[in-house]
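Encoded as structure tokens, the structure appears first; notes follow it.
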Amino acid sequence: MRFALRRLGFFVLTLWAALTLNFLLPRLMPGNPALAMMAKFHGELTPQSLNALEILFGVNTHKSLGAQYVGYLHQMLTGNFGTSLDFYPASVSSVIGSAIWWTLGLVGLTTILAFLLGTGLGIVAAWRRGGRLDSVLPPVFVIASAVPYFWVAMVLILIFGISLHWLPYLGGYNVTSDTPGLSLTFIGDVLSHAILPALSLLITTIGTWILTMRNTMITTLAEDYVRMARAKGLPGRRIMFDYAARNAILPNLTGFAMSLGFVVSGAILIEYVFNYPGVGYMLLQAVQGEDYPLMQALFLLITVAVLVAILVADVATALLDPRTRTAG
Amino acid sequence: MSIPLSLGQPAGEPRRQSTSQWAASHALARMGRAVRSNRKATVGTVLLVFFILVALFPGVIAKDNPSADAYKPHLGLSTAHLLGTTAYGQDMFAQLVWGTRNVIIIAFTVGLATTAIAVLVGVAAAYFGGLWDSSLGVLIDVLLVIPLFPLLIIIAAYAHGGGTLLLIVVITVTSWSYTARQLRAQALTLRSRDFLEAARVRGERRLYIVVMEVIPTMTSLIVASFLTNALYAILFASSLQFIGLGDPNTVSWGTMLYWAQNNAALQTGQPLWAIAPGACIAVLGAAFALLNYAFDEIGNPALRPVRKRAPQPVPQPAPRPARGSERA
Amino acid sequence: MPEVLEVSGLSVDYVLDRGDVRAVDDVSFTVGRGEFLGIVGESGCGKSTLLFAVAQLLAPPARVAAGSVNFQGTNLVGLTDSQLSAVRWRDMSVVMQSAMNALNPVKSIGAQFRDAMRAHGKPAKDEIEARSAQVLRMVGIDPVHLHSYPHQLSGGMRQRSMIAMALLFTPDLVIMDEPTSALDVVAQRSLMVQIKELQLAYGFAVIFVTHDMSLISHFSDRLMVMYAGQVDELGATRTVFDRPLHPYTHGLLEAFPSIRGPKIPLKGIPGNPPDMARLPSGCRFHPRCPHAVDKCGQVEPDLVELDEVMVRCVRRQDGSLPVTAGQEGSLSR
């Protein structure tokens, strides 16, 4: 219980840090970037939007930094992220709302798949030490970890999209011929557009799972209780799962959460390459369009998402490890 | 209640250096040996040296000025233009070769700077303990959890993109926490080791202990830190350049990819423009990753490749003649 | 067959990059039915490796290089894990040094007992519960702890539950690797007494590895002294104690004070055990032996029977060190 509270406290702290960073960054940059942006959009904004922008970026106000900060926090915590500039006059929240589902689908499903597949392969590779799988995997995935995410996407596009014409590679669905809805053709379209991006993400992120699981398994297999299990004559499969894997996976769950940051980076780049209408693509569009309110909100959203995922992983670890369950 | 049975002192050379300095030079010698014997390390070192040489002497290989758009655009492969020309009439091969310099500079500068900060913060946190440890530890953890790439994007966006220096600074400032965490963990385990107690008892000052005893013992982890940070520096920097947040006029692999993407290189039949620089990033990254993995194996022998031997028949003892006590 | 275990010429190598290192060199001994054999030696002498080799629990880079381990007529060397499972736990079980490390931290004690029982046959659920509770009571632990996790028990309780687990099938041989080393002195003694009682009650043989000579001497029937991978002395405990033949054994005995005997100055054995990759010439102990002569560095002695005791010493065997000299055991009662 105490452990859970401490973690929660940590997340609140991190959230606060992210909010504060968001607040300070535009104000720290030489020549407040917001000024330039506002000049660009000045003629087109309503007074309310202008006011919101001022609060967000601290331009044209005579309030002290502290007062600005309080106003900013109040705005953020009440969910008022202002008006998007690129998608004016839509509010930032509504703009993000449409993009979230695409990213959740892509990233969420792919990560779960990569985790399951990767962990499984890692377990088997460690169990059959010296076998073919084990000797091939490490070098292959060491190299895979060094490959830039977007490059994998490009190669896939080149092979499957352009040369072979098997799969589409632009957008989340075919905008010209389809309308969103629950029709079978739409769903099929969405799925076919998701294959290449998902594959790119899978290829680039699975390596870490396999490797870390394999390494933890190898260390676990050297433990005395695994030797004891052998001494008791337990069947191989039971030792592999019940005694080795169950212990090896625990440290990996928190590692899983830590590496989410990298999955997120990969997703942003992959969405960019495929023009996939998710949160990452939107972030880059916002950057290019100097839509700062949107940018800020997206950054906070991504941070919160990662934090939540870590929290979930922590809870899962605690539930699975009786030592934390009974101790505190 | 067992009393030590051996009361001898190990005969040996008189100790001229402290144990840890010996450990450090020993570690470096071991690494040198390991590089030669471990295949991954050898390949990685060869590749790295190759790229460093190319970065130092690009004019030797590529005679053309990479930025000059002096040629006909869209030329294919030929002896005059090994990789053809870009849509702007620049020689692609020259760009690739000269771009190496930018990448290597970023990799090494960020690698060294990040590792230096990580060592300072990590070891200070572990060794000075108490309030230092708590606050630095929290700082590390918070920075670890905030998704780095989105943060990088935001900062670079506010700065309207910048040259190499900005990239270096921004990446260093955001990515040191990952390795700081590992170094802190190791420093914590070293804190209670006997030889540090001995130093303390000898009356050495804390700073002396930290610099002369703790850090040399962590040599292999520090080297691994450098390699990891260099790898991520390359990936982050090229990604930022790719999405246009680097200075598009620098000659670098990431900027080549930016221009390639902007000109829809894949779709318009100029795949090499995108594939070649990406491949270079992958290979250089792989060099760092291979070295890192090799050091992992060197440090933890359990991870080394196991060659499965065919089960050999175990020789049985020959029946021994009974011997009496009549031996000369 | 009177013997439960017959080990012949067993050698174990560690396969390393810089060359194979022999950790156990040509070891032979037998264990009779219900017999308590103590194996004593310094750290690194190969006794734990020997134990794992006997139980077929070696892991790479260690492997059996030569010899046989005959358990009730079957040679265990070379058998696969599935072939061994017929014998494992039912006829031969193992108790390891640190129960905290030897018990799966994420499973309850009862679950681990259950795993062991289910691995050999298909017992019904109540059979499992009954037997698990019974063995726990045998070692003096309340069966309610079947639901506990290893980290919830004290050190002594963990060790005893390991012993209980080893007795699930009342095997013929229980191999113990320093099970008392991780405990405090009082717990050590009570655990040893418990083990001895159980042994006498259920008649299983025990191989007990330790570095603590004084502790084992009260409980073992026969004593085997190991040094640098070899057996240096092997005989009835009483005989070895009253009349140690090998200078190393003598040195070990002299290092432990007697609580009742006359006060004598403690003597350690000077020097350190040899690096197994760079062994001394001739007798492996000669650099540290107070009775060494030139011949000791030239001839590698065999293990030879001398007055009902097997001993590996050049000078004892050629008679140049008569049995009368230096034989006063400081533990004579």
I want to confirm something. Restricting to region B:220-262 and keeping residues that are of a type in the set (A, V, I, L, M) and within 9 Å of chain A (Cβ to nearest Cβ), which single residue is surrounded by the fewest Cβ atoms within 10 Å (Cβ to Cβ)? B:Leu231
Check off (1) at the interface with chain A (Cβ under 9 Å from one of its Cβ atoms); (2) within 24 Å of the chain's Cα centre (by Cα); (3) at pLDDT below 80 for B:Gln267 and give me the number that stays unchecked. (2)
Could you please let me know if B:Thr42 is in a loop (DSSP other than H, G, I, E, B), at pLDDT 65 or above, of a type in the set (Val, Ile, Thr) and out of contact with any Cys (no Cβ under 6 Å at 6 or more places or on another chain)? no
Residues of region B:136-178 being of a type in the set (Ser, Thr, Tyr) and either more than 17 Å from A:Thr20 (Cα to Cα) or more than 9 Å from every other protein chain (Cβ to nearest Cβ) (or both), which ones? B:Thr164, B:Thr172, B:Thr174, B:Ser175, B:Ser177, B:Tyr178
What are the residues in region A:116-164 that are among the polar types (S, T, N, Q) and more than 8 Å from every other protein chain (Cβ to nearest Cβ), if any? A:Thr119, A:Ser163
Any idea which of (1) at pLDDT 85 or above; (2) not in a helix (DSSP H, G or I) is the one B:Val314 doesn't satisfy? (1)
Looking only at region A:249-306, and only at residues there that are among the small types (Gly, Ala, Ser) and not in a helix (DSSP H, G or I), the one that is nearest to B:Phe242 (Cα to Cα): A:Gly289
Got at least one residue in region C:171-180 being in contact with a Ser or Thr (Cβ under 8 Å, 6 or more places away or on another chain), farther than 23 Å from C:Pro2 by Cβ and of a type in the set (A, V, I, L, M, F, W, C)? no
Among the hydroxyl-bearing types (Ser, Thr, Tyr) and modelled with pLDDT of 75 or more: is that true of A:Thr111 in this structure? yes
Here's a check for you: in region C:1-49, which residue that is more than 25 Å from C:Pro61 (Cα to Cα), assigned to a loop (DSSP other than H, G, I, E, B) and of a type outside the set (A, V, I, L, M, F, W, C) is farthest from the chain's Cα centre (by Cα)? C:Pro2
Do we find a residue being within 14 Å of chain A (Cβ to nearest Cβ) and under 15 Å from A:Ala18 (Cβ atoms) anywhere in region B:126-134? no
Which of (1) within 8 Å of chain A (Cβ to nearest Cβ); (2) at pLDDT 90 or above does C:Asp81 not meet, given it meets every other one? (2)
Which ones in region C:168-193 are among the polar types (S, T, N, Q), surrounded by fewer than 18 Cβ atoms within 10 Å (Cβ to Cβ) and without any contact (Cβ under 8 Å) to a residue 40 or more places away in the chain? C:Thr170, C:Ser190
Checking A:Thr219, A:Thr317 in turn, the sole residue that is β-branched (Val, Ile, Thr), more than 30 Å from B:Gly254 (Cβ to Cβ) and either touching a Cys at 6+ places or on another chain (Cβ under 8 Å) or at the interface with another protein chain (Cβ under 7 Å from one of its Cβ atoms) (or both) turns out to be A:Thr219
I need the full set of residues from region A:132-159 which are of a type in the set (Val, Ile, Thr), within 21 Å of the chain's Cα centre (by Cα) and not in a loop (DSSP other than H, G, I, E, B), in order please. A:Val152
I need the full set of residues from region C:195-216 which are more than 23 Å from C:Asp172 (Cα to Cα) and assigned to a helix (DSSP H, G or I), in order please. C:Met213, C:Ser214, C:Leu215
Check off (1) in contact (Cβ under 8 Å) with a residue 40 or more places away in the chain; (2) surrounded by 18 or more Cβ atoms within 10 Å (Cβ to Cβ); (3) more than 9 Å from every other protein chain (Cβ to nearest Cβ) for C:Gly73 and give me the number that stays unchecked. (2)
Can you go through A:Leu269, A:Leu300 and tell me which one is more than 9 Å from chain B (Cβ to nearest Cβ), closer than 16 Å to B:Ile153 by Cβ and either in contact (Cβ under 8 Å) with a residue 40 or more places away in the chain or not aliphatic (A, V, I, L, M) (or both)? A:Leu300
Is it the case that region A:236-259 has a residue that's more than 14 Å from chain C (Cβ to nearest Cβ), among the aromatic types (Phe, Trp, Tyr) and surrounded by fewer than 21 Cβ atoms within 10 Å (Cβ to Cβ)? no
Taking C:Phe219 as the residue in question, decide whether it is within 23 Å of C:Val185 (Cα to Cα) and assigned to a helix (DSSP H, G or I). no
Hey, among C:Ala124, C:Ala55, C:Ala65, C:Ala116, which residue is of a type in the set (A, V, I, L, M, F, W, C), surrounded by 18 or more Cβ atoms within 10 Å (Cβ to Cβ) and more than 14 Å from chain A (Cβ to nearest Cβ)? C:Ala65
Among the candidates C:Ser108, C:Ser43, single out the residue that is under 28 Å from C:Asp232 (Cβ atoms), out of contact with any Pro (no Cβ under 6 Å at 6 or more places or on another chain) and surrounded by fewer than 19 Cβ atoms within 10 Å (Cβ to Cβ). C:Ser43
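The values are calculated or read from the model by the stated rules, or taken from the named source; none is laboratory data. Quick caveat, the model's predicted, so the values are computed rather than measured. Using ideal geometry, Cβ is built from the backbone for each residue, glycine included, and neighbour counts are taken over all protein chains shown.
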